[in-house]
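Taken together, the values in this text are just the output of simple stated rules run on the coordinates, not laboratory data. In this text the structure is predicted, and so the values were computed from the model without any measurement. When we count neighbours, we look across all protein chains shown, and the Cβ atoms used for this are built from the backbone with ideal geometry, even at glycine.
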């Protein structure tokens with residue numbers, strides 16, 4: 001086995017070159033290249049983490065915006081509903097007031113008409129008495145030749161009409 | 001590999017030879033640039049190119065950058081899970097360890113033997129894995145004693161040990177602690193060596209079978225070749241697992257040193 005048979009003859013050369021090569025690897029690669037590569041990886045990991053955080057906050061922001069939009073929409077809808085209800089109620093109240101006013105007016109007209117009718121009726125009745133009294137005077141004069149006093153005739157007519165009235 | 005005369009030495013692949021036959025001796029030590037050193041440098045080069053692909057630092061990574069980042073993330077998560085936030089300081093070391101072993105293992109599996117080159121698996125050498133193990137163990141000791149001073153020895157007395165048992169438990173725990181660098185280095189060395197020997201032996205069967213004529217080739221070479229494909233895939237898995245195990249155990253030992261229990 002040359003590894004052991006040759007060990008005395010080659011150990012110095014093996015160790016010498018190994019230390020040189022391994023020293024170059026340690027200082028040239030392990031100490032100078034490796035930290036840079038690790039820094040690159042760390043920077044990338046940090047960038048990914050930052051981007052994720054940014055995306056998360058953008059999403060939260062979007063959620064907030066949507067929430068605000070929705071609540072504004074809800075408020076607007078509620079306001080619209082309220083104003084239509086108000087308008088409806090107002091219209092109903094106005095209509096009621098107008099109906100009432102008209103009602104009062106009509107009642108007054110009705111009452112006035114009734115009074116007029118009553119007055120006309122009284123007048124008509126009075127003129128009937130006059131006409132009847134005159135007619136009675138004439139009739140009595142023509143039939144019996146007796147001149148009846150005007151007031152007497154009127155009294156008789158009134159008596160005769162009394163059950164009618 | 002000596003294919004001639006049917007003699008194939010599965011151990012030849014582990015032979016360390018100075019390139020171009022040149023020896024470089026400094027202060028009594030032979031530090032020649034060997035095939036082993038060449039493959040270490042190749043590992044460094046390939047690893048460097050691979051990591052450069054991860055340095056584009058784009059916000060949206062391409063395939064290459066994503067591959068590099070998945071490996072750094074893998075080691076980073078392992079350190080975080082085993083040690084916690086304090087483990088971050090040791091991520092460069094464990095990452096270097098993991099990547100060096102992984103790339104050395106995989107480069108050693110390259111089938112460049114078919115074009116006449118010889119792949120060499122750096123991590124199949126006890127010297128190399130031993131140095132890495134001792135390095136990890138030294139860091140554990142230094143960190144442990146620097147952080148907890150002599151209190152570090154309480155690592156060897158688990159919570160709730162009866163007072164009578166403390167000396168015995170202390171010895172057992174100390175022994176298991178001291179065995180760590182050996183198990184760490186030997187595990188990788190043995191896994192890589194065994195896998196490569198097995199592959200070379202099977203490859204020898206294939207070639208010797210082919211040399212021995214069509215009849216033998218049919219019953220020896222073809223099944224061996226099919227088996228080799230399976231073992232190669234298994235070895236690639238072992239390459240990754242052994243790198244992972246080495247890094248994982250190092251992080252667990254560091255956890256002992258940093259957090260005690």
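Rg/Rh for segment B:144-261: what does it come to with C-alpha atoms and Rh from Kirkwood? Please report the intermediate quantities before stating the final value.
Values: Rg = 23.3 Å, Rh = 18.0 Å.
Using only Cα positions, Rg/Rh for segment B:144-261 is 1.30.
Angle, helix B:91-108 long axis vs. longest principal axis of chain B, Cα atoms, 0 to 90°, nearest 10? Once rounded, the angle reads 10 degrees. Build a GNM of chain B with springs between Cα atoms under 10 Å apart, and of B:143, B:114, B:245 the one that fluctuates most is B:114.
Distance between the pseudo-spin-label points of residue A:104 and residue A:48 (7 Å out from Cα toward the beta carbon): 8.5 nm.
With respect to chain B, whose longest principal axis is taken over its alpha-carbon atoms, helix B:35-53 is tilted by about 70°. Segment residue B:117..residue B:88, full-extension length gain: 6.4 nm, with 0.36 nm per residue of separation and the alpha-carbon distance subtracted. Counting neighbouring beta carbons within 10 Å and listing from fewest to most, the residues B:193, A:147 come out as A:147, B:193. Shown is the FRET efficiency for residue A:114 and residue A:141, computed with R0 = 45 Å from the Cβ-Cβ distance and rounded to the nearest 0.05: 0.65.
As a length-normalised measure over Cα pairs under 8 Å and 6 or more apart, the relative contact order of segment B:16-119 settles at 19 percent. Given axes a ≥ b ≥ c from the Cα gyration tensor, I'd like to know whether segment A:32-161 is rounded (a/c under 1.5), prolate (a/b larger than b/c) or oblate. Prolate shape, in that a/c is at least 1.5 and a/b is the bigger ratio.
Take the Cα of residue A:161, step 7 Å toward its Cβ, do the same at residue B:183, and the gap between the two points is 15.1 nm. Each part gets one Cα centre, and for segment B:172-216 versus segment B:79-119 those centres are 19 Å apart. Enumerate the residues in segment A:47-75 having an amide nitrogen under 13 Å from the point lying 7 Å beyond the Cα of residue A:82 toward its Cβ. Zone members listed by number: A:74-75.
Summed over qualifying helices (DSSP H, 4 residues or more, each -39500 (n - 2.57)) and divided by its residue number, chain B shows a 222 nm mean residue ellipticity of -22500 deg cm²/dmol. Which angle from 0 to 90°, rounded to the nearest 10, does the C-alpha axis of helix A:33-144 make with the longest principal axis of chain A? Taking the Cα atoms of chain A, the angle to A:33-144 is about 0 degrees.
Name the shape class, rounded, prolate or oblate, that the alpha-carbon gyration tensor gives for the protein assembly as shown, where a ≥ b ≥ c are the square roots of its eigenvalues, rounded holds for a/c under 1.5, and otherwise prolate holds if a/b is larger than b/c and oblate otherwise. Please report the intermediate quantities before stating the final value.
Details: a/c = 6.20, a/b = 4.32, b/c = 1.44.
Cα axes put the protein assembly as shown in the prolate bin.
Potential lengthening of the chain between residue B:171 and residue B:148 amounts to 6.3 nm, from the contour at 0.36 nm per residue minus the alpha-carbon distance. In percent, rounded to a whole number, the relative contact order of chain A is 10, using alpha-carbon pairs under 8 Å and six or more apart.
The value of relative contact order for chain B, using C-alpha pairs under 8 Å at least six residues apart, is 24 percent. On the beta carbon distance between residue B:67 and residue A:9, with R0 = 41 Å, the FRET formula returns roughly 0.55.
Does segment B:27-103 classify as rounded, prolate or oblate by the C-alpha gyration tensor (a ≥ b ≥ c root eigenvalues; a/c under 1.5 gives rounded; else a/b over b/c gives prolate, otherwise oblate)? Oblate, because a/c is 1.5 or more while a/b does not exceed b/c. I need the calculated FRET efficiency for the pair residue B:219 and residue B:77, taking r as the beta carbon distance and R₀ as 45 Å, to the nearest 0.05. With a Förster radius of 45 Å, E is 0.35.
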